[in-house]
Amino acid sequence: MDNGLHTYKFQLFGLVQGVGMRFSIKHRARRIGLSGVVKNCLDGSVEGVIQGTKNQIESFFTWLNEKAPGRIDQMLQEIISSTTIYQTFTIKR
């Protein structure tokens, strides 16, 4: 996207459910101005989509690696093409 808005999909594996991960992600994302969505997956992972500037997204992933609750054993992330523009950050149930 030419407007500086980037969209990433991420998936977290490890001890990431039942530790407040989604709520912490929502709080952090909103604090730094990201929009998107996060949800628990049936396989025990947590998956999300975030949108923001490159600096906001880098800050978010740094926080995930250093200060997120639980234990992240593996994190997958990829930039994706999206026609959806998220207005806020939400938890999908």
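The values are calculated or read from the model by the stated rules, or taken from the named source; none is laboratory data. Remember, predicted model here, so these are calculated numbers, not experimental data. Here Cβ is always computed from backbone atoms with ideal geometry, including for glycine, and neighbour counts include all displayed protein chains. Just the protein is used for accessible areas: all its heavy atoms, side chains included, with ligands, DNA and RNA removed. Shrake-Rupley method; radii C 1.70, N 1.55, O 1.52, S 1.80 Å.
Of all residues being open to solvent by less than 60 Å² (accessible area, probe 1.4 Å) and either part of a strand (DSSP E or B) or among the aromatic types (Phe, Trp, Tyr) (or both) in the stretch 59-89, which is nearest to Arg22 (Cα to Cα)? Just the residue, please. Ranking the candidates gives Phe89 first.
Quick grid of which residues meet (1) closer than 13 Å to Thr88 by Cα; (2) in contact with a helix residue (DSSP H, G or I) (Cβ under 9 Å, 6 or more places away or on another chain):
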position	(1), (2)
Tyr8	no, yes
Gln11	no, no
Ile25	yes, yes
Arg31	yes, no
Arg71	no, no
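Tell me yes or no: at least one residue of the stretch 39-46 is within 11 Å of the chain's Cα centre (by Cα), buried (at least 16 other Cβ atoms within 10 Å of the Cβ) and assigned to a strand (DSSP E or B). Yes.
For every residue, the table says whether it meets (1) open to solvent by less than 70 Å² (accessible area, probe 1.4 Å); (2) modelled with pLDDT of 95 or more; (3) touching an Asp or Glu at 6+ places or on another chain (Cβ under 8 Å).
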position: Phe13; (1), (2), (3): yes, yes, yes
position: Arg28; (1), (2), (3): yes, yes, no
position: Arg31; (1), (2), (3): no, yes, no
position: Thr53; (1), (2), (3): yes, yes, no
position: Ile57; (1), (2), (3): yes, yes, no
position: Arg93; (1), (2), (3): no, no, no
